[in-house]
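The values are calculated or read from the model by the stated rules, or taken from the named source; none is laboratory data. The structure displayed is predicted, hence computed values, not measured ones. Cβ coordinates were reconstructed from backbone atoms using ideal geometry, including for glycine residues, and neighbour counts include every protein chain displayed. For the accessible areas, the whole protein counts, side chains as well, though only heavy atoms, and no ligand, DNA or RNA atoms are used. Shrake-Rupley method; radii C 1.70, N 1.55, O 1.52, S 1.80 Å.
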Amino acid sequence: MRIIDIHTHPVFFNAGIEPAETQLIMRRARQLGFVHMISLGDVLRFGRNPDEEQSRIINDETAEIMKRGRGFFIGFCALNPLLGEKVVRREVDRCVGGMGFRGIKLEVSCNAQHPAMAGVMRAAVEHDVPVLQHSWNQLNKRSRSYHSDPEDTCALARRWPNVRIIMAHLTGCGFRGIRAARGLDNLVVDTSGGGPEAGLVDYAVEQLGEHRVVYGSDLPIRDLPTAVGRITGAGLSASTQQRLLYDNAAELLRI
Ligand SMILES: [Zn+2]
């Protein structure tokens, strides 16, 4: 089985920064059939509001991981939308335009419905890259002011129909998040986050279609065999499994 992992953090709170650690991740992953991993960066290392220089440090590390991987790792540019459109544009130009990154990663600097998101989305349109938005159930939580609920991420996709959105964390989005994503052809949900839950992956495929569910692990928070097992153990046909584990991500990233 060929696998692309759409959601990994090879460096996480500085762990994994040594070249030998990158090689270890790659060796293990290749044994399991992984062809590519999307490296989203050490996104929370400086807290939830990194400044411009801290964002550059995070993205430079991703560039270094890409270099070590010789094509195995594909970088996404980690951004803080609150730094403003000029700063955002400069960093996207540098990472996507200059260093071959293939997407944008957003964490918890602001909610997906914040006005500052417009600058990020315009950069995504211009560079024609997908945007991966961290998402987790925020019903009745004060953190929703900066933390995106699946409903917020879906609203973003609705507002920007020409941008491909990856809504992260199937477990955190849950059945409600899957229902919110119905009919949004420019949005896929990644299967990372939390432990596998019986019924969730199959429900997502049933409600959204097999083209809109993409495998992700959230390495190193989740281990790879468990993350893959939630796809292979979901009672899906072999061709649907292959679609989730490889084809959808390959199409999304134009590999
Ligand atoms: Zn993550």
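Computed quantities for the displayed model
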| read-out | value |
| --- | --- |
| Segment 131-153 - residue that is away from the ligand (no atom under 15 Å from the Cβ) and assigned to a loop (DSSP other than H, G, I, E, B) and, of those, surrounded by the fewest Cβ atoms within 10 Å (Cβ to Cβ) | ASN140 |
| Matching residues, segment 210-253, being free of Cβ contacts under 8 Å to residues at least 12 places away in the same chain and exposed (fewer than 14 other Cβ atoms within 10 Å of the Cβ) | ASP223, SER237, ALA238, SER239 |
| Selection within segment 149-202 - at positive phi and without any contact (Cβ under 8 Å) to a residue 24 or more places away in the chain | GLY183, GLY199 |
| Positions within segment 185-195 being away from the ligand (no atom under 16 Å from the Cβ) and open to solvent by 10 Å² or more (accessible area, probe 1.4 Å), in sequence order | ASP185, ASN186 |
| Residues satisfying the stated conditions in segment 97-112, i.e. polar (S, T, N, Q) and farther than 19 Å from VAL188 by Cα | SER109 |
| Among the residues listed as ALA181, ALA204, ALA124, ALA118, the single one being open to solvent by less than 10 Å² (accessible area, probe 1.4 Å) and under 30 Å from ASP60 (Cβ atoms) | ALA124 |
| Residue within segment 160-176 that is within 16 Å of the ligand (Cβ to nearest atom), in a helix (DSSP H, G or I) and touching a His at 6+ places or on another chain (Cβ under 9 Å) present | yes |
| Residue selected from segment 4-56 under the condition hydrophobic (A, V, I, L, M, F, W, C) and without any contact (Cβ under 8 Å) to a residue 12 or more places away in the chain, by the criterion farthest from GLY194 (Cα to Cα) | ALA20 |
| Hits in segment 17-42 - residues which are open to solvent by 10 Å² or more (accessible area, probe 1.4 Å) and small (Gly, Ala, Ser) | ALA20, GLY33 |
| Residue among ALA180, ALA168 that is over 16 Å from the mean Cα position of the chain (by Cα) and closer than 16 Å to ASN137 by Cα | ALA180 |
| Some residue of segment 50-61 being within 16 Å of the ligand (Cβ to nearest atom), closer than 14 Å to LEU219 by Cβ, surrounded by 15 or more Cβ atoms within 10 Å (Cβ to Cβ) and hydrophobic (A, V, I, L, M, F, W, C) | no |
| Residue check, ASN111 buried (at least 18 other Cβ atoms within 10 Å of the Cβ) and part of a loop (DSSP other than H, G, I, E, B) | yes |
| Selection count where residues are closer than 14 Å to ASP190 by Cβ, touching a Leu at 6+ places or on another chain (Cβ under 8 Å) and more than 16 Å from the ligand (Cβ to nearest atom), scope segment 211-255 | 5 |
| Scan of segment 156-178 for residues that are surrounded by fewer than 17 Cβ atoms within 10 Å (Cβ to Cβ) and under 25 Å from HIS127 (Cα atoms), ordered by number | ARG158, ARG159, PRO161, ASN162 |
| Unique match (being within 14 Å of the ligand (Cβ to nearest atom), among the charged types (D, E, K, R) and open to solvent by 50 Å² or more (accessible area, probe 1.4 Å)) among ARG45, ARG90 | ARG45 |
